[in-house]
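The values are calculated or read from the model by the stated rules, or taken from the named source; none is laboratory data. Predicted, not measured: the structure shown is a model, and the values here were computed from it. All Cβ positions, glycine included, derive from the backbone under ideal geometry; neighbour counts span all protein chains shown. Note: accessible area is taken over every heavy atom of the protein model, side chains too, but ligands, DNA and RNA are not part of it. Shrake-Rupley method; radii C 1.70, N 1.55, O 1.52, S 1.80 Å.
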Amino acid sequence: MSTPILEARSVSQLFPIRSRQRLFARTVMQRAVDGISVSIHPGEVVALVGESGSGKSTLGRMLLGLLPPSEGSIHFRGEPVAGLSGDAARRFRREVQVVFQDTGASLNPRHTIGQSVALPLQHNLRLPAGEVGRRVDTLLDQVGLAPARFRERLPHELSGGQRQRVGIARALASEPSVIIADEPVSALDVSVRAQVLELLDRLRRQRQLAYLFITHDLGVVRALADRVLVMQGGQLVESGEVDALLTSPQHAYTQRLLAATPVPDPARQAQRLAQALAGRPA
Amino acid sequence: MLEVRDLSVEIAAGREKLRVVEGVSFSVGRGEAVGLVGESGSGKSMSAFAILNLFPSPHARIAGGDIWLEGRNLRGLSAREWRGVRGAQIGMVFQDPSSYLDPLIPVGRQVAETLRAHGRNEGAEARVLELLDLMELPSPAEVARKYPHELSGGMRQRILIAAALALRPALLIADEPTTALDVTVQAGILDLLTRLRVELDLGILLITHDLGVVAETCQQVHVMYAGTIVEQNEVGALFRQPRHPYSQGLLGSMLGPDSRAGNLFSIPGSVPGARDMPAGCRFHPRCPIFQPGLCDTGEPALVDRTGGGSDRCRRSGEFDNAWRRTA
């Protein structure tokens, strides 16, 4: 198999948690991520699922190079990220892009949408000014935001779903080889969600773009991912090929997640009601 | 119990007046959960704010229609009278539980505040514990002493539901109550709402963009598009046989077990803004069965159909799925 673009080799992340009970209490270390190995190959979509607090976002931040692992190492095209400098470090930062869940908070409120998307084109790709404008329009168009209507707008004038699409356009601007995305489509309306998923899939096929999706949405996982990793308490508790794993989940959390996902079938209501009434702890 | 008739909401933008909700009617009975579904910009949240007369912007106001709650018309109440209705007769919960809690006050006291604000000081503490227990929070006395940051998102939402129900309102308005939560936590909250509906005979108006949530929680559904209700029906019927092309498209865009990138359906175009509302049927520019002359003149009325439900499509019933043109 090809060299993975991005790889975590038994990484752990320890956070100190202070005990509130005593002043001189020994600092306890919490293992937010505990010895996880992941590799992402060109054109591959890996989904990372787990409940809040399972460490999935922390793993994402380590893969992005935003948080150095306490143990283990992150590798970019086979090279340890910790040792990268100069052009190699710049290449890592250009090729590994992120789409945050709350895109609103990651956009400069004083920059127009056009400026936000233009920045990576100027800095990472060093495109000439004339080319930047054209490329911004293409990118906005790709994510379904009419350039003429949105280029000059400010983030606060956009809806959550529209801002999310700006975040995706901005990540794509750097021509990345892998995108780490935290719930990239959960804020989008259903009718737009399909368009964005199709766009991501097209880029994967055309450019061998790879993704790590951090998500709860099993519909998204099924629609796009090749492999799923299930995390709980900082550890990898289950992993495998999407269809197989979602057809017969082994781990309790995976089973719970499948059962909890709402389906458009009102016939389930009666069953849920019975469960809700029976499930009341005495 | 709640009867909304011909409600319209206007936002003043400079000299312009934008109609963001137009002629919306629906009702919620005791022990009934009614879903108001739509995408962003459909006017679903604005309709909810109107019922509470609690708009996020001073430029928004009710422009027409009536809101009847247990036989009393809420239109024309004074600010003081409104305060008596909100909380006491209508409880409300919103999307992001953290932003509605004070980080510096223990949550138990925040639930008690609802009681105190309405002059129910006596027995407030006991009532708070009773409420937290009703919300299925483990060891209520302990939870009551905690600060919001010590609780998970799901627990915080339970605290807010407790505060919303403190005064035993007959109606709960829940605006995207689970959107910010994990799927497993969401399921817990939805089960809780269902249980409260049955046990307390509570009417629930659930505002959401998630059809899956509606299918599992509501009995009646109203689908909103561009400020109007385009289809209304009992939940089973609406999911089995949506009649309006927009409802059909919305259901078709949901990701099912067989949805794979490459075959995903989406409705082309985007929701029109209040400034550029198309003439005739508001959906016609995006509609696959748009018929010139029929669909682009005069706003279609919401028509009751035989077999139950109503919709606003002039070609209603011609196609099982207008997008696939199967008659």
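Between residue B:130 and residue A:141, how high is the FRET efficiency from 1/(1 + (r/R0)^6) when r is the Cβ-Cβ distance and R₀ = 56 Å? Nearest 0.05.
0.50
Give the accessible area for residue B:246 in Å² (nearest 10); use a 1.4 Å probe, count only protein heavy atoms, and leave out ligands, DNA and RNA.
Accessible surface of residue B:246 is approximately 0 Å².
If you stretched the chain out fully between residue B:263 and residue B:299, how much longer would it get, using 0.36 nm times the residue separation minus the C-alpha to C-alpha distance?
Residue separation times 0.36 nm, minus the Cα-Cα distance, leaves 9.6 nm.
How much net charge surrounds residue A:223 when only other residues with a Cβ under 10 Å from its Cβ are counted (Lys, Arg +1; Asp, Glu -1)?
Counting the neighbours of residue A:223, the net charge comes to -1.
In peptide B:214-221, how many Cβ atoms from other protein chains are near each Cβ within 10 Å, on average?
Averaged over the peptide's residues, the number is 4.
I'd like the FRET efficiency for residue A:267 and residue B:96, computed as 1/(1 + (r/R0)^6) with the beta carbon distance as r and R0 of 35 Å, rounded to 0.05.
Computed FRET efficiency for residue A:267 and residue B:96 comes out at 0.65.
Does anything in region B:96-125 have its amide N under 11 Å from the 7 Å Cα→Cβ label point of residue B:141, and if so which residues?
Those under the cut-off are none; the list is empty.
For peptide A:264-274, how many partner chain Cβ atoms fall within 10 Å of a residue's Cβ, on average?
So the per-residue partner count for this stretch is 6.
One quarter of the convex hull surface, Cα atoms only: what value does that give for region B:2-218 in nm²?
With the hull built on Cα positions only, its mean projection is 12.1 nm².
Specify which residue in the list A:17, A:100, A:84 is farthest towards the positive end of the charge dipole of chain A, using unit charges on the beta carbon of Lys, Arg (+1) and Asp, Glu (-1), about the Cα centre.
Looking along the dipole axis, the top candidate is A:17.
Per DSSP helix of 4 or more residues, -39500 (n - 2.57); summed, then divided by the residues of the protein assembly as shown. What does that give at 222 nm, rounded to the nearest 500?
Calculated from helices alone, the mean residue ellipticity at 222 nm is -10000 deg cm²/dmol.
Going from the alpha-carbon gyration tensor of chain A, what semi-axes, largest first and in whole Å, does one get by taking the root of 5 times each eigenvalue?
32, 26, 20
For region A:6-259, what is the charge dipole size about the Cα centre, in debye to the nearest 20, if Lys and Arg each add +1 at the Cβ and Asp and Glu each add -1 at the Cβ?
With Lys and Arg at +1 and Asp and Glu at -1, about 760 debye.
Choose one answer from B:213, B:221, B:183: the residue with the largest mean-square fluctuation in a GNM of chain B with alpha-carbon springs under 10 Å.
Ranking B:213, B:221, B:183 by mean-square fluctuation puts B:183 first.
Residue A:243 to residue A:30: extension gain in nm, 0.36 nm per residue of separation minus the Cα-Cα distance?
73.3 nm
Please report the net charge: other residues with Cβ closer than 13 Å to the Cβ of residue A:13, K and R +1, D and E -1.
Computed value for this residue: +1.
Using +1 on the beta carbon of Lys and Arg, -1 on that of Asp and Glu, and nothing else charged, what's the dipole of region A:6-147 about the Cα centre, debye to 20?
Around 640 debye, computed over region A:6-147.
For the protein assembly as shown, list log₁₀ I(q)/I(0) at each q in 0.05, 0.09, 0.11 Å⁻¹, using the Debye formula over Cα point scatterers of equal strength and ignoring solvent, two decimals each.
-0.24, -0.79, -1.18
Rg (Å, one decimal) plus Dmax (Å, integer) for the alpha carbons of region B:239-311?
Rg, Dmax (Cα atoms, Å): 14.3, 40.
With the Cα gyration tensor of region B:195-319 in hand, give its eigenvalues times 5 under a square root as the equivalent ellipsoid semi-axes, listed largest first in whole angstrom.
Listed largest to smallest, the semi-axes of region B:195-319 are 26, 19, 14 Å.
If you roll a 1.4 angstrom probe over the protein chains with everything in place, what fraction of the accessible area of region A:6-259 belongs to carbon and sulfur, to the nearest %?
Answer for region A:6-259 is 47 percent, counting heavy atoms of protein chains only.
Using the crude model of +1 on Lys and Arg Cβ and -1 on Asp and Glu Cβ, and no other charge, please compute the dipole size for chain B relative to its Cα centre, in debye to 20.
Roughly 660 debye for chain B.
Please work out the average accessible area per residue across region B:75-159, using the 1.4 Å probe convention, and give it in Å².
That works out to 54 Å² per residue.
With a 1.4 Å probe, how much accessible area is buried between chains A and B, both sides summed, in Å² to the nearest hundred?
For chain A against chain B, roughly 3600 Å² becomes buried.
Quantify how strongly other chains surround peptide B:261-272 by giving the mean number of their Cβ atoms within 10 Å of each of its Cβ atoms.
Mean number of neighbouring Cβ atoms from other chains: 6.
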